[in-house]
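The values are calculated or read from the model by the stated rules, or taken from the named source; none is laboratory data. Given the structure is predicted, the values throughout are model-derived calculations rather than measurements. Ideal geometry is used to build each Cβ from the backbone, glycine not excepted, and the neighbour counts take in all protein chains shown.
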């Protein structure tokens, strides 16, 4: 089988000085889709593995010269998110357990079954792919906000991929936008990322909360001077948040500004030119937001209409989003990452997330604080009465639903789904068989 190297997460560094064992492990891992780099000493591995290593590391504990434990510590200093799996003899188990406390991802005791090796590598590779994707997004949107404001755009669903790809295009096009979506879907975030990606990033983005702007503040907004004046957005971006909930008086005052890009005020003899981009958001309440906006205003600010998808329509992104948000919360709170429980996993699978990414972020905070197992209102973390589901069965259900959602999101394109899931091809088909997933029907749906 040709190694599946379509994802950098499939790179794997194997550090083992036993020639026969190294050869058999490398062959098994290669046939399972990993691009294996083999090293016989820790020093040789350290010369190649830097903080940008795109995969995972599997190392024996006992090596000539530098030990596997020392290798782990050095790699953790270079990149704390790099998964390192240790291979030990029976006499080294206590040492390996201590290494887990020092940050080792997992350990295997010789002799180990091939399935154990592949399962450990698969879990580590999936986590590495997620960490690298999060890092790429956060680096690409540096300064986007504490805790990673880019969270709403993390994921591999087709809708989110398209939105991410549109950011530089829209920034260059410099046209007015109308972004609609439910609360917590990331409308404001998307507007700010577009602003920062273009030439207007050197100037101010003025956000206007249209749904809660009393008359005195409206006067300040349309004044020719002041920090709250629309004039501060000159050459920048005017963000009209929840424009569909704005009172009729505010909408009427925005029409000439949107149409002529000038500010008219009683104190001005002549209209004041105001060159700026207008980005508006709406849709936090049910119904078509366009119907709540005066046509004279809507058709001037909606040169392009975009939709931010709700979380329930991109469920394949929930595991990656939750892991990112929980990691950010643990870092922010300086707390260790808790173990996933059945209650938490059930909630991630079955909840509709009406608050979308914002609600998921709050749930991640509760998870890190150890409060997530306290079932939210209207949700029971237990199986339905009489269902008889064990924890293992609920985990299998989560895995099956994630795979099916990825295939549907890819339009039945299996290769696209495999890349989105970050799985080796052989592992993907193993899980499809294990969970009885009908690929033919899913392809026909696509």
field: Selection within the range 38-57 - outside any loop (DSSP other than H, G, I, E, B) and out of contact with any helix residue (DSSP H, G or I) (no Cβ under 7 Å at 6 or more places or on another chain)
entry: 43, 44, 47, 48
- line: Condition set part of a helix (DSSP H, G or I) and within 19 Å of the chain's Cα centre (by Cα), scope the range 409-446, selection farthest from residue 121 (Cα to Cα): answer is 409
- request: Taking residue 63 as meeting all but one of (1) surrounded by fewer than 21 Cβ atoms within 10 Å (Cβ to Cβ); (2) over 26 Å from the mean Cα position of the chain (by Cα), write down the number of the exception.
  value: (1)
message: If I ask for residues that are over 14 Å from residue 78 (Cα atoms) and in contact (Cβ under 8 Å) with a residue 60 or more places away in the chain, which ones from the range 27-54 would you list?
response: 28, 29, 31, 32, 33, 34
message: Based on this model, can you work out whether residue 17 counts as outside the structural domain of residue 428 (by TED's automatic domain parsing), surrounded by fewer than 21 Cβ atoms within 10 Å (Cβ to Cβ) and within 20 Å of residue 95 (Cβ to Cβ)?
response: yes
query: So which residues in the range 266-305 are in contact with a strand residue (DSSP E or B) (Cβ under 6 Å, 6 or more places away or on another chain), over 19 Å from residue 246 (Cβ atoms) and in contact (Cβ under 8 Å) with a residue 24 or more places away in the chain?
result: 272, 304
query: For residue 298, which of the numbered conditions (1) surrounded by fewer than 19 Cβ atoms within 10 Å (Cβ to Cβ); (2) within 20 Å of residue 282 (Cβ to Cβ) fails to hold?
result: (1)
statement: Residues of the range 63-88 being in contact (Cβ under 8 Å) with a residue 40 or more places away in the chain, more than 12 Å from residue 45 (Cα to Cα) and either in contact with a helix residue (DSSP H, G or I) (Cβ under 7 Å, 6 or more places away or on another chain) or outside any loop (DSSP other than H, G, I, E, B) (or both), in sequence order, are 81, 82, 83, 87
- prompt: Right, residue 335: more than 17 Å from the chain's Cα centre (by Cα), within 30 Å of residue 199 (Cβ to Cβ) and either outside the structural domain of residue 185 (by TED's automatic domain parsing) or part of a helix (DSSP H, G or I) (or both) or not?
  reply: no
field: Considering residues of the range 122-168 that are at pLDDT below 60 and in a loop (DSSP other than H, G, I, E, B) only, the residue farthest from residue 316 (Cα to Cα)
entry: 143
message: Can you tell me which residue is modelled with the lowest pLDDT among those in the range 347-378 that are more than 18 Å from residue 155 (Cβ to Cβ) and in contact with a helix residue (DSSP H, G or I) (Cβ under 6 Å, 6 or more places away or on another chain)?
response: 373
